[in-house]
Structure formats: structure tokens, C-alpha cells
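The block underneath contains the structure these notes are about, expressed in C-alpha cells.
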Amino acid sequence: MKIRILTLAILAVALGSINAFAQSETDKNSKLHSPAGLFNHLSVGISTGLSGTGIDVTMPVHRLMTVRAGYSGLHFGEIKFKAINTAQDLAASALVEDDAIRRAQMADKIELAVKPNFWNAFLLAEIHPFTNESFHFTAGLYFGSKNFLHFRNTNEGALAFLYDANNKVDDYNRAFNTHFSPVGLKFGDYVFTADERGNIDVMMKTNAVKPYLGIGFGKHIAEKHRLSVAFDLGLIFWGTPKFVLNNGTEIKSSGREAGITQVFSWLKAWPNLQIKLAYKIF
């Protein structure tokens with residue numbers, strides 16, 4: 001009899017545990033798949049694309065709107081290229097008699113390295129106009145780095161001859177009211193001049209605060225499962241890029257209607273194509 005009572009008690013406890021576990025799982029699934037509302041879901045995601053690799057969190061604020069906040073950065077190695085020395089353009093002038101100009105003309109092309117450095121925090125709102133579809137509009141702000149590209153010579157302090165030659169050109173222009181162009185390295189329609197340390201040190205700068213507009217497909221918060229995938233396509237409006245020396249002086253382009261000047265005249269936005277994998281926490 002005692003054995004039967006003990007057996008029945010064990011079965012009762014086991015059945016109760018199973019029922020409690022099933023109820024717990026039901027509650028979890030109910031919470032996981034509940035309709036979207038104010039902050040009642042949260043997902044974390046990782047993304048990669050033209051605005052860099054990043055991480056973010058997403059929460060709903062309405063059944064048709066979610067808010068996404070995070071950080072992304074575009075970081076990779078240097079790109080090296082040969083830039084033309086503009087001292088070669090002084091061949092027919094009286095300046096060629098100067099020793100500093102002659103030394104500068106001995107180097108035809110000089111190696112420069114450009115390094116992208118683009119990082120931003122962002123706050124984006126996503127509007128889902130169709131409740132049963134994954135299509136959405138996105139608007140918000142990116143804010144962070146002003147320096148998109150950093151140009152620098154590969155040999156530290158090796159360009160003192162360009163600095164000396166450029167000083168001679170400046171002195172000559174002031175003394176004889178001439179208009180010879182600066183001596184430096186060409187990048188399209190721009191001339192990068194060396195500083196007193198014998199380096200080319202130039203930043204391509206954009207705005208720190210950058211509005212964003214785009215469209216997307218997929219879910220940043222899964223509906224029926226934990227994992228979801230989303231794609232976004234849009235524009236980060238960063239203003240007209242400018243080239244600035246390390247002393248803060250903006251470099252003026254020599255071009256007007258062609259070359260890199262023309263490209264930057266309309267490149268007021270950076271395209272963003274991105275893929276994201278998200279995990280729904282609750």
C-alpha cells in the first residue's frame with residue numbers, strides 16, 4: 001500500500017512539473033509572438049554593408065513603427081597609389097633656377113596612402129505601411145566621424161623638398177604678383193601640399209550629423225521565430241565633401257566642371273546597402 005501511495009505521489013509531482021513546464025513554454029511563446037506594441041519586444045542585430053559593420057537594438061513603438069539605435073564603422077587597411085608631383089609644371093618658368101625647385105622636380109611620382117575611417121552612431125525610425133509585409137521606409141540620423149578619408153605619404157618626413165619648393169613659389173608670387181599654382185601632389189583637381197614636417201596630411205571631411213532616408217525589406221524583429229534577416233537601401237546625406245590640411249586650411253580645387261570636382265559637387269550623400277541578422281530576445 002505504501003509503495004502504491006509513493007508511486008502515485010511521484011506521478012502527481014511529475015505530471016505537475018510537466019504541466020508547469022508546458023505552461024511556461026506557452027507563456028514564453030505567447031510573449032514572443034504577441035502583437036507589436038510600445039517597447040514590448042527587443043531584438044539585437046549585427047549588420048554589414050557600405051556604411052560599415054555594426055551592432056544595433058530594435059524595439060517597436062507602434063504596431064506600424066519600430067525604432068533602431070546602434071553603431072557602425074567602416075575600417076580597413078590603407079590603399080596606396082602614386083600621385084603626380086606638380087613641381088614638374090614649373091619647367092618653363094624662371095623659378096626653375098632655384099635649388100629648392102630643382103630638388104622638387106627630381107621626383108616625378110610619389111607614393112601616397114589613403115585610409116578610410118568612417119564610424120557613426122545612428123537612430124532610425126522604420127515605418128511599416130503594410131502590417132503583413134516586410135517592406136518598410138526608414139528615416140533618421142547618423143552622427144559621428146567627420147573624417148571619411150585620410151591621405152598621408154608612406155615615408156614619414158620624406159617630403160621636406162616639396163615644402164621648401166612651395167614656400168619658394170609663394171614668395172615668388174608675392175614678390176612679382178604672379179599666380180603659379182602650389183607645389184605638391186595631385187589628387188584629381190586638388191593639390192595636396194606638404195607641411196613643415198615634410199608630410200602630406202590631408203582629411204576628406206563631411207558633416208558630423210547626417211540625415212538618412214531609405215527603404216528596406218525583411219524583419220528587424222522576428223514575428224514567429226527568434227532569428228530574422230533584413231536588407232536596407234538608402235542614402236546618408238553628409239554634405240559636400242571637403243579636403244582640409246592638418247592646419248585646418250581648406251584646399252580649393254583648380255577644376256570647375258570636370259574631374260573629381262564635378263564628382264564631389266553631386267556626391268552629397270553616401271549610398272548605404274546593408275544586410276542585417278537579428279535575434280529576438282523577447
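The values are calculated or read from the model by the stated rules, or taken from the named source; none is laboratory data. Here the structure is a predicted model, which means the values were calculated and not measured. FYI the Cβ positions are ideal-geometry reconstructions off the backbone, even for glycines, and counts take in every protein chain you see. What goes into the accessible areas is simple: the full protein's heavy atoms, side chains included, and nothing from ligands, DNA or RNA. Shrake-Rupley method; radii C 1.70, N 1.55, O 1.52, S 1.80 Å.
Bin all alpha-carbon pair distances of the range 120-252 at 10 Å intervals from 0 and give each bin's fraction as a whole percent.
Percent of Cα pairs in each bin: 11, 27, 20, 15, 13, 9, 4, 1.
Points 7 angstrom from Cα along the Cβ direction at GLU111 and ILE215: gap in nanometres?
A separation of 4.6 nm, rounded to one decimal place.
When the solvent-accessible surface of protein heavy atoms is calculated with a 1.4 angstrom probe, in what order do PHE231, PHE81 fall, highest first?
From most exposed to least exposed: PHE231, PHE81.
Where Lys and Arg each count +1 and Asp and Glu each count -1, what net charge lies around LYS115 among other residues with Cβ under 9 Å from its Cβ? All intermediate terms of the calculation are to be shown ahead of the outcome.
Values: positive: ARG152; negative: GLU78.
Around LYS115, the surrounding residues sum to 0.
If you roll a 1.4 Å probe over the range 90-206 with all protein chains in place, what percent of the accessible area is carbon or sulfur? Please report the intermediate quantities before stating the final value.
Details: 3090 of 5830 Å².
Of the solvent-accessible surface of the range 90-206, carbon and sulfur hold 53 percent.
Between ALA139 and TYR71, what is 0.36 nm times their sequence separation minus the Cα-Cα distance? Round to one decimal in nm. Present the calculation step by step, with values, prior to reporting the outcome.
Values: separation 68, 0.36 × 68 = 24.48 nm, distance 1.57 nm.
Length gained between ALA139 and TYR71: 22.9 nm.
Net charge around VAL244, counting only other residues with Cβ within less than 15 Å of its Cβ (Lys, Arg = +1; Asp, Glu = -1)?
Numbers: positive: LYS146, ARG152, LYS205, LYS242, LYS252; negative: ASP195, ASP201, GLU250.
So the environment of VAL244 carries a net charge of +2.
Tell me, what is the per residue accessible area of the range 108-239 in Å², probe radius 1.4 Å?
On a per-residue basis, the range 108-239 sits at 49 Å².
Want the number for HIS225 to ILE281: 0.36 nm per residue separation, take away the alpha-carbon distance, what's left?
Between HIS225 and ILE281, full extension yields an extra 19.1 nm.
If you take the beta carbon distance between LEU123 and VAL244 as r and set R0 to 30 Å, what does 1/(1 + (r/R0)^6) give as a FRET efficiency, to the nearest 0.05?
Approximately 0.65, to the nearest 0.05.
What ranking of HIS220, HIS62 comes out by heavy-atom accessible area, probe 1.4 Å, highest first? Please list the in-between numbers first.
Numbers: HIS220 5, HIS62 95 Å².
In descending accessible area the options line up as HIS62, HIS220.
Under a point-charge model restricted to the Cβ atoms of Lys and Arg (+1) and Asp and Glu (-1), what is the dipole moment magnitude of the range 131-282 relative to its Cα centre, in debye to the nearest 20?
620 debye
Taking R0 as 30 Å, what FRET efficiency do you get between PHE39 and PHE148 from their Cβ-Cβ distance, rounded to the nearest 0.05?
Between PHE39 and PHE148 the formula returns 0.30.
Between rounded, prolate and oblate, where does the range 51-187 land on the alpha carbon gyration tensor, with a ≥ b ≥ c its root eigenvalues, rounded for a/c under 1.5, else prolate if a/b exceeds b/c?
Taking the square roots of the gyration eigenvalues as a ≥ b ≥ c, the range 51-187 is prolate.
Please work out the FRET efficiency for the pair PHE130 and ALA208, using the Cβ-Cβ distance as r and a Förster radius of 45 Å; give the result to the nearest 0.05.
0.80
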